[in-house]
Amino acid sequence: MLFALVDDHAHIVVMVEPQRLRRVQGALSKVLNHRSAVPFAAPYVLPVTTRTHMVSLVGYCLTQFGHHGLPDDPATATGSCFPDLIGARRIPGLTLRIATALPRFRLREAYEAVGLAAAVMPADDAAARGLGPARLVDLLAQTFAVDPGFASNATAVVKARRVGARLAIDVGMRPRDISGPLGVTAIAAARLAARPVDLADLRAVRMRVALDIAAANPSRAPLVVREPAATPYVLHALPN
């Protein structure tokens, strides 16, 4: 339902039947250890027993970066679930079921937690075009959680290329403009742009563009990062 992947640990909120808990713990640990440079410690599990506790976890997960003194913006950080909550990221098989636990949940609570005053709407053609091909493709990669170099032909990368080529043409770019950042020829980019794409995928990229613009707005309220106090020096008298 929620997650926060921070510097050296992860917070993951799941809804699971008690008899399947250990299996889910094992699966999550296996995935994280496979992608981590060092092994994760055994997971610590805390049951969520009240609605108040569940509500507090929204802000708790979204403010982990500031809580640990990290420079990441909680609205756009790779490890933040905020893009997933607002539809600015498309990962196959991932659907955050926060509304199942909190039927009265409103996205404005998440927006407030990351310091955004207003809801993000999909970027229009001018905003997307104004980023330029390189930045647009970078945000495309973030939307689909793929390597920004588009160096493989994995299913997710191929799909992202197709969506990116189509979006670039839609916003007024030329195939040769987008071909370099996508790692294909101009002819291939034109062919990709002509293929059918899911409108929800196009909308997600526009949402990611709009999120990036909103997060960079200089009028945005500053996020306060509270770092732990430094350990004081302890003076000891030296023996004569």
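The values are calculated or read from the model by the stated rules, or taken from the named source; none is laboratory data. Note that the structure is predicted; figures quoted are calculated from it, not measured. Note: ideal-geometry Cβ built from the backbone for every residue, glycine included; neighbour counts use all protein chains shown. For accessibility, only protein heavy atoms count, side chains too; no ligands or nucleic acids. Shrake-Rupley method; radii C 1.70, N 1.55, O 1.52, S 1.80 Å.
Taking region 31-66, which residues are out of contact with any helix residue (DSSP H, G or I) (no Cβ under 7 Å at 6 or more places or on another chain) and hydroxyl-bearing (Ser, Thr, Tyr)?
Ser36, Tyr44, Thr49, Thr50, Thr52, Ser56, Tyr60
Has region 198-212 got at least one residue that is open to solvent by 70 Å² or more (accessible area, probe 1.4 Å) and at pLDDT below 95?
No, that holds for no residue.
Matching residues to (1) free of Cβ contacts under 8 Å to residues at least 24 places away in the same chain; (2) open to solvent by 50 Å² or more (accessible area, probe 1.4 Å); (3) out of contact with any strand residue (DSSP E or B) (no Cβ under 6 Å at 6 or more places or on another chain); (4) not in a loop (DSSP other than H, G, I, E, B):
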residue: Pro74; (1), (2), (3), (4): no, no, no, no
residue: Pro83; (1), (2), (3), (4): no, no, yes, yes
residue: Arg90; (1), (2), (3), (4): no, yes, yes, no
residue: Leu96; (1), (2), (3), (4): no, no, yes, no
residue: Phe105; (1), (2), (3), (4): no, no, yes, no
residue: Leu116; (1), (2), (3), (4): no, no, yes, no
residue: Ala127; (1), (2), (3), (4): no, no, yes, yes
residue: Ala134; (1), (2), (3), (4): no, yes, yes, yes
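Looking at region 187-197, which of its residues are open to solvent by 40 Å² or more (accessible area, probe 1.4 Å), touching a helix residue (DSSP H, G or I) at 6+ places or on another chain (Cβ under 7 Å) and either in a helix (DSSP H, G or I) or under 30 Å from Ala110 (Cα atoms) (or both)?
Result: Ala190, single match.
Could you please let me know if Ala101 is small (Gly, Ala, Ser), touching a residue at least 12 places away in the same chain (Cβ under 8 Å) and open to solvent by less than 40 Å² (accessible area, probe 1.4 Å)?
Judged against the criteria, Ala101 is a match.
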